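Colleague: Just dropping this structure here.
The values are calculated or read from the model by the stated rules, or taken from the named source; none is laboratory data. Values in this document were obtained by computation on a predicted structure and should not be read as measured data. We place every Cβ from the backbone using ideal geometry, glycine too, and count neighbours over all the protein chains shown.
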Amino acid sequence: MISARALTKTFGQGETAVTALDHVDIDIRENEFFTLLGPSGCGKTTLLRLIAGFELPTSGTIELDGQDITALPPHVRPVNTVFQNYALFPHMTVSENIGFGLKMLGKPSGEIDARVKQMLSLVQLEAMANRRTDQLSGGQQQRVALARALAPAPKVLLLDEPLAALDLKLRKNMQIELKSLQAETGITFIFVTHDQEEALTMSDRIAVMRDGQILQIGTPKEIYDKPTHRFVADFIGDINILEAEVEGTEGNQTRVRLKDGTTMLARSTGDAETQGHCAVALRPESIRVAQAGETPALQGQLENLVYMGSAHNLHLRLGSGEELVVRHGGSTEGMDLSQGAKIGVVIASGGARVLA
Ligand code: ATP
């Protein structure tokens with residue numbers, strides 16, 4: 001539905017020029033909950049603003065439904081935006097805020113009233129219709145902002161960190177509400193966040209960005225299980241990254257030698273075949289403590305034991321000096337968990353990934 005090609009945006013000129021987006025290619029599908037995820041300054045907001053039309057690209061194109069919209073002004077694009085600070089009109093009621101965009105479009109008042117009612121019901125704010133928005137809680141204001149942006153029935157809704165101002169509990173609730181709102185309306189949502197957990201929970205697909213570029217696009221599961229880039233692996237969820245050297249390939253796996261001399265098989269998920277120096281990525285949940293009689297894949301000394309509620313995290317120091325965090329979900333009865341205890345671990349089949 002939205003296709004950007006070689007999209008580049010440079011701010012400033014000469015020595016002070018900043019390339020906020022660097023030849024970005026992206027295809028976003030209809031009805032998709034699509035998330036732009038990355039650390040501060042990676043270009044997420046710039047990409048959103050280019051799609052909205054608030055900024056023009058330095059080069060590259062954006063198409064919507066096959067039509068080139070690169071140079072179209074914002075108000076004629078079938079796109080609407082929800083901002084982080086909501087930007088509501090404090091002196092207007094909830095209903096007036098929601099109907100504001102429709103009024104500006106010159107819609108007849110009967111049509112506006114009907115649509116406002118529909119939107120109030122969608123975001124479950126019927127009881128607040130006549131209240132001024134400065135008399136609402138943060139979560140309620142957020143819902144008004146959403147209803148207002150959805151009222152003109154845009155094809156695409158852009159959301160720039162819309163939950164950032166909410167406390168953790170409300171934020172979790174709104175994540176679920178937002179996801180079901182998207183499913184209910186069938187509108188394409190493009191959601192910006194720097195919070196990996198939020199991205200994993202809500203998205204159909206995620207684009208992970210760094211330094212103005214997209215490193216990987218995939219479903220939350222693909223991004224989590226099969227990162228193609230060391231940065232993506234590290235940015236999403238807990239992970240152990242160990243330095244290694246490639247020894248050769250065995251079937252569809254790569255044999256790697258870790259710094260302490262141990263060798264193991266790891267799956268390759270990158271596009272290019274990895275050679276020479278590489279990283280082995282291990283999620284804590286794909287490693288477990290070896291049982292008596294089992295040959296461990298790795299061994300380390302216990303440095304820290306962290307209670308996590310439903311599991312323990314064992315922080316091991318490997319012979320190479322690197323740290324390895326292992327999640328142990330079962331009982332710790334009968335285990336020697338004293339500081340410095342020698343602990344062997346085994347790796348689940350396919351649990352090790354090799355990254356360039
Ligand atoms: P955040 O999560 O902090 O909002 P972001 O990923 O949305 O970050 P952008 O706001 O897109 O990042 O900024 C990308 C880069 O472009 C940054 O280095 C930023 O300083 C720069 N930048 C953005 N807007 C401008 C501007 N109007 N003038 C100059 N530089 C800008």
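Colleague: Report every pair of residues separated by at least 6 positions or lying on different chains whose Cβ atoms are under 8 Å apart, first residue within region 57-79 and in contact (Cβ under 8 Å) with a residue 40 or more places away in the chain, second of a type in the set (A, V, I, L, M) and surrounded by fewer than 17 Cβ atoms within 10 Å (Cβ to Cβ).
Modeller: Going by the 8 Å Cβ cut-off, the qualifying pairs are 59/6; 60/6; 61/6; 64/1; 65/1.
Colleague: Condition check: among the aliphatic types (A, V, I, L, M), surrounded by 12 or more Cβ atoms within 10 Å (Cβ to Cβ) and part of a helix (DSSP H, G or I). Does residue 116 satisfy that? Break it down stepwise before answering.
Modeller: Details: among the aliphatic types (A, V, I, L, M): yes; surrounded by 12 or more Cβ atoms within 10 Å (Cβ to Cβ): yes; part of a helix (DSSP H, G or I): yes.
So residue 116 passes the test.
Colleague: I'm told residue 5 meets every condition in (1) under 27 Å from residue 175 (Cβ atoms); (2) of a type in the set (Lys, Arg); (3) away from the ligand (no atom under 16 Å from the Cβ) except one. Can you identify the failing condition by its number?
Modeller: (1)
Colleague: Can you name every residue in region 324-356 that is in a strand (DSSP E or B) and either over 26 Å from the mean Cα position of the chain (by Cα) or among the β-branched types (Val, Ile, Thr) (or both)?
Modeller: 325, 326, 328, 342, 343, 344, 345, 346, 347, 354
Colleague: State all residues of region 202-248 that are of a type in the set (Gly, Ala, Ser), free of Cβ contacts under 8 Å to residues at least 60 places away in the same chain and in contact with a strand residue (DSSP E or B) (Cβ under 8 Å, 6 or more places away or on another chain); if no residue qualifies, say none.
Modeller: 218, 248
Colleague: Can you tell me which residue among 69, 26, 62 is touching a strand residue (DSSP E or B) at 6+ places or on another chain (Cβ under 6 Å), modelled with pLDDT of 95 or more, within 24 Å of residue 195 (Cα to Cα) and surrounded by 13 or more Cβ atoms within 10 Å (Cβ to Cβ)?
Modeller: Every option except 26 fails the conditions.
Colleague: Just for strands (runs of 3 or more DSSP E) wholly inside region 138-247: which have at least 2 residues that are more than 16 Å from the ligand (Cβ to nearest atom), among the polar types (S, T, N, Q) and crowded, with 18+ Cβ neighbours inside 10 Å?
Modeller: none
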